[in-house]
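Heads up, the thing below is written out as structure tokens.
None of the figures in this text is laboratory data; all of them are computed from the coordinates on show. What you see is a predicted model; the values in this text were computed from it and never measured. Because the Cβ atoms are built from the backbone with ideal geometry, glycine has one as well, and the counts that use them run over all protein chains shown.
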Protein chains: 2
Amino acid sequence: MSTSKDTHTKHISQQFNSELSELKNRLLVMGGIVEQQVQNAVEALVNGDSELADRVRAKDKEVDQIELTIDEEATRIIAKRQPAASDLRLVVSVIKMVADLERIGDEAKKIAKFALALAEEGQAPRGYVEVRHIGTHVASMVRDALDAFARFDTKVALAVMKEDDAVDNEYRSATRALVTFMMEDPRSISRCLNIMWVLRALERVGDHANNVAEHVIFMVEGTDVRHAPMSYAEQAVERQS
Amino acid sequence: MSTSKDTHTKHISQQFNSELSELKNRLLVMGGIVEQQVQNAVEALVNGDSELADRVRAKDKEVDQIELTIDEEATRIIAKRQPAASDLRLVVSVIKMVADLERIGDEAKKIAKFALALAEEGQAPRGYVEVRHIGTHVASMVRDALDAFARFDTKVALAVMKEDDAVDNEYRSATRALVTFMMEDPRSISRCLNIMWVLRALERVGDHANNVAEHVIFMVEGTDVRHAPMSYAEQAVERQS
């Protein structure tokens with residue numbers, strides 16, 4: 001039979017859990033938005049859709065506001081609930097991840113800006129295939145990193161980290177092709193440069209998805225796998241299973 | 001007269017303060033290193049000094065390790081000391097700022113990589129004046145942002161934020177000049193692109209210095225000035241004086 005004090009403690013603990021899960025949900029909502037932002041920015045670019053590009057740029061303000069709210073909420077939870085162990089790792093990881101998600105949003109906004117510039121200059125089909133391909137790839141990395149976070153699934157997180165190397169290779173290859181094209185047709189330099197900036201932004205999105213994945217592993221395992229060889233992350237995840 | 005309990009509490013409080021100031025010092029040390037990394041990377045580039053570029057790349061591993069240590073220490077302080085109010089803002093701000101400093105280190109490493117590529121290709125004087133100029137500018141922003149943090153000086157932090165706009169303008173102007181030059185002399189495309197990536201990296205360093213400055217204002221004032229117009233930051237800082 002529970003005493004009044006037990007009931008009180010249980011109540012506090014339930015409140016705490018619901019605050020943590022609210023924090024987690026907010027991050028997932030923000031993640032869903034920035035993933036969509038990346039996809040929309042790429043669509044706006046390859047389809048020359050200025051209206052969609054404008055929508056992406058406007059939506060970024062909302063992303064920024066969610067960042068502020070999440071940071072405020074995370075700090076409030078630390079102050080009020082004094083979380084320890086895995087709860088604390090969750091809150092600290094959220095504080096880290098929210099910065100990565102915000103920057104993914106920023107990169108989408110930059111891509112939208114280049115989409116507007118390219119739409120004005122007219123079609124520049126060179127590089128669009130690569131933009132779409134790498135765009136789809138990094139958007140799926142963002143989605144998978146968020147899934148890994150939602151389900152505390154470090155195997156999925158590890159897979160995201162491995163994808164990042166593939167994206168880096170795709171990025172380098174696409175960039176090299178554009179340089180060759182610019183040399184063959186100097187009139188295309190300005191347009192090709194815009195595509196290169198877009199590819200760079202997408203490559204950065206992949207980096208941020210990778211960071212989110214690293215934070216998921218830290219959150220679940222308590223092992224910080226940043227700046228370490230892939231084998232270190234693999235060992236941390238294997239210990240779990 | 002103090003009781004034994006008072007003495008104990010005072011002892012704990014002294015330990016806590018020394019832990020906070022140790023955390024702060026570690027961040028300042030890391031900041032000093034990455035500022036130097038930016039300067040060295042730029043020197044390596046404009047002087048074609050491959051040996052210095054190699055040193056910058058090697059040193060980045062140390063920066064990465066300091067990041068891990070600071071994050072670990074900050075999390076440990078939260079768990080053990082349950083800081084509140086301005087102490088908590090300090091710790092959370094450190095967790096944010098350490099990520100910006102690490103990325104400044106990353107950008108320096110990238111610049112060093114381009115310095116090596118350019119040293120191999122031979123001199124490419126085009127754009128070096130701008131690289132040196134913007135490099136000096138953003139390195140001083142990093143230094144000022146760290147000074148602002150060391151002295152809790154929000155006026156200096158605000159000045160850093162204002163510098164960032166100037167750097168963005170310098171960056172755009174330097175980039176435009178390079179595009180023009182590439183069109184005039186397509187054989188220079190590859191070298192000019194390397195310089196453009198370097199300018200981009202420096203512009204990012206300025207962004208991260210700006211982020212550090214924003215966190216300093218949050219830490220001191222409790223007002224989050226991110227994603228707000230400059231006038232909002234100005235008001236937050238004026239309230240202090």
> Taking springs between alpha-carbon atoms closer than 10 angstrom, which of B:Ala85, B:Ala112, B:Ala157 fluctuates most in the Gaussian network model of chain B?
Replying inline: B:Ala85
> Under a point-charge model restricted to the Cβ atoms of Lys and Arg (+1) and Asp and Glu (-1), what is the dipole moment magnitude of chain A relative to its Cα centre, in debye to the nearest 20?
Replying inline: 340 debye
> So what is the relative contact order of the range A:1-128, in percent, for Cα pairs below 8 Å that sit 6 or more residues apart?
Replying inline: 39 percent
>> Helix A:4-46 against the longest principal axis of chain A: what's the angle in degrees, Cα atoms only, rounded to the nearest 10?
In response: 0 degrees
> For the range B:79-121, max minus min Cα coordinate along each principal axis, in Å, sorted largest first?
Replying inline: 55, 16, 7
> Most fluctuating residue of A:Lys110, A:Lys162, A:Lys80 in a GNM of chain A with Cα springs under 10 Å: which is it?
Replying inline: A:Lys80
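Would you mind calculating the relative contact order of chain B from Cα pairs under 8 angstrom and at least 6 residues apart, reporting the percent as a whole number?
Relative contact order comes out at 24 percent.
Over all directions, the average projected area of the alpha-carbon convex hull for the range B:106-183 comes to how many nm²? Before the final figure, lay out the partial values.
Working: hull surface 23.6 nm².
Answer in nm², one decimal: 5.9.
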>> As I understand it, the value is the acute angle between the Cα axis of helix B:154-184 and the longest principal axis of the Cα atoms of chain B; what does it come to in degrees, rounded to 10?
In response: 20 degrees
> Between A:Ser50 and B:Asp6, what is the spin-label point distance in nm, taking each point 7 Å from the Cα along the Cα→C-beta axis?
Replying inline: 7.4 nm
> Among the listed pairs A:Lys10/A:Lys80; A:Lys113/B:Lys155; A:Lys24/A:Lys80; B:Lys59/B:Lys110, which are separated by more than 23 Å between their Cα atoms?
Replying inline: A:Lys113/B:Lys155
> To one decimal place, what Kirkwood hydrodynamic radius in Å is obtained for the range A:108-149 from all pairs of distinct Cα atoms?
Replying inline: 11.8 Å
> Across 10 Å bins from 0, what is the distribution of all Cα-Cα pair distances for the protein assembly as shown, in whole percents?
Replying inline: 4, 18, 29, 28, 14, 5, 2, 1, 0
>> Can you give me the angle between helix A:128-150 and the longest principal axis of chain A, using Cα atoms only, in degrees from 0 to 90, rounded to the nearest 10?
In response: 0 degrees
>> Translational diffusion coefficient of the range A:1-111 at 25 °C, 0.890 mPa s, Stokes-Einstein with Kirkwood Rh over Cα pairs, in µm²/s as a whole number.
In response: 157 µm²/s
>> Please report the net charge: other residues with Cβ closer than 14 Å to the Cβ of B:Arg176, K and R +1, D and E -1.
In response: -2
> Within the range B:76-90, whose backbone N sits under 16 Å from a point 7 Å along Cα→Cβ of A:Phe16?
Replying inline: B:78-83
> Modelled label-to-label distance, A:Glu43 and B:Leu68, 7 Å Cα→beta-carbon offset: nm?
Replying inline: 4.1 nm
> Over all distinct Cα pairs, what is the inverse of the mean 1/r for the range B:6-237, reported as the Kirkwood hydrodynamic radius in Å?
Replying inline: 18.7 Å
> So if we plug the beta-carbon distance of A:Thr136 and B:Glu121 into 1/(1 + (r/R0)^6) with R0 = 51 Å, what FRET efficiency do we get, rounded to 0.05?
Replying inline: 0.90
>> Counting only other residues whose beta carbon sits under 15 Å from that of B:Arg187, what net charge do I get with K and R as +1, D and E as -1?
In response: -3
> Tell me, how many Å apart are the Cα centres for the range A:1-77 and for the range A:160-235?
Replying inline: 25 Å
>> Take B:Ala58 and A:Gln36, extend 7 Å from each Cα along the Cα→Cβ direction, and tell me the distance between the two endpoints in nm.
In response: 5.1 nm
> Under a GNM of chain B (C-alpha, springs under 10 Å), which listed residue has the highest mean-square fluctuation: B:Asn210, B:Asn169, B:Asn194?
Replying inline: B:Asn169
> Once the Cα gyration tensor of the range B:1-51 is found, what semi-axes does its equivalent ellipsoid get, as square roots of 5 times the eigenvalues, in whole Å, sorted largest first?
Replying inline: 47, 6, 5
> Helix-derived [θ] at 222 nm for the protein assembly as shown: sum -39500 (n - 2.57) over DSSP H runs of at least 4, divide by residue count, nearest 500?
Replying inline: -31500 deg cm²/dmol
